[in-house]
Amino acid sequence: MLSRYLYLAGALPFLSLGAAHVIHTPIAPEEAKGLSPRDPALAQAMTRSSVRLTARSTVWRAWVGFNLSHSLGAIVFGLYVVITGRNAAAYQLEAPLAVPLACGVGIVYVYLARKYWFSIPLAGTLLSLLLFISAEVLLLLGR
């Protein structure tokens, strides 16, 4: 069933981008990784300032947590797609809900990537969305 394979392929960018996001998230302000501020002084300033919501967390800790939880969300979504498409029987049962849901999630991620992120996550989420939409079209056509 081609629809299932396209659906499963749509999980790969989410899994890859989620894993890459973890790898490029610095845990300490001294770490120079892909998601580190270019200005080291900014990273240090983030450790000295708390967020308005609570004085118990610094901007740095909140930023690291946001990045890691964002990574987790992409990975868990990718795993959801893999689990619901793991075999033909599971896909046949789950697809009527799972594929439209994947399309909706893909739309949201493409919007976020276009508005707030940069070209690599935009390309990856757009690829996933196109694969999910293709899976949905074939599903509706009974293929």
Check: In this structure, is I27 touching a residue at least 24 places away in the same chain (Cβ under 8 Å) and open to solvent by less than 80 Å² (accessible area, probe 1.4 Å)?
Finding: no
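Let's see how each residue does on (1) farther than 15 Å from M1 by Cα; (2) open to solvent by 10 Å² or more (accessible area, probe 1.4 Å); (3) assigned to a helix (DSSP H, G or I):
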{"residue": "A95", "(1), (2), (3)": "no, no, yes"}
{"residue": "A102", "(1), (2), (3)": "yes, no, yes"}
{"residue": "Y111", "(1), (2), (3)": "yes, yes, yes"}
{"residue": "P121", "(1), (2), (3)": "yes, yes, yes"}
Margin query: Checking L139 against (1) under 30 Å from P37 (Cα atoms); (2) in contact with a Pro (Cβ under 9 Å, 6 or more places away or on another chain): exactly one of these is not met. Which one?
Written below: (1)
Notebook entry, point to check: Checking S69 against (1) without any contact (Cβ under 8 Å) to a residue 12 or more places away in the chain; (2) touching an Asp or Glu at 6+ places or on another chain (Cβ under 7 Å), which test does it fail?
Noted result: (2)
Checklist line | Every pair of residues 6+ apart whose Cβ atoms lie under 9 Å, when the first sits in the stretch 40-54 and is more than 9 Å from P29 (Cα to Cα) while the second is exposed (fewer than 12 other Cβ atoms within 10 Å of the Cβ) | finding: A45/D39; S50/R56
Notebook entry, point to check: Conditions: (1) without any contact (Cβ under 8 Å) to a residue 24 or more places away in the chain; (2) over 23 Å from S134 (Cβ atoms); (3) part of a loop (DSSP other than H, G, I, E, B). R86 meets all but one. Number of the miss?
Noted result: (2)
Margin query: Considering only the stretch 44-65, I want to know if a residue exists there that is within 23 Å of E136 (Cα to Cα) and in a helix (DSSP H, G or I).
Written below: no
Next item on the list: State yes or no: is R52 at pLDDT below 95, under 25 Å from L112 (Cα atoms), among the charged types (D, E, K, R) and open to solvent by 30 Å² or more (accessible area, probe 1.4 Å)?
Entry: yes
Checklist line | From L127, L79, L131, L139, residue being touching a residue at least 40 places away in the same chain (Cβ under 8 Å) and over 18 Å from the mean Cα position of the chain (by Cα) | finding: L139
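The values are calculated or read from the model by the stated rules, or taken from the named source; none is laboratory data. Keep in mind the model is a prediction, meaning the values are calculated, not measured. So basically every Cβ, Gly included, is an ideal-geometry build from the backbone, and we count neighbours across all protein chains shown. Side chains included, ligands, DNA and RNA excluded: accessible areas come from the protein's heavy atoms. Shrake-Rupley method; radii C 1.70, N 1.55, O 1.52, S 1.80 Å.
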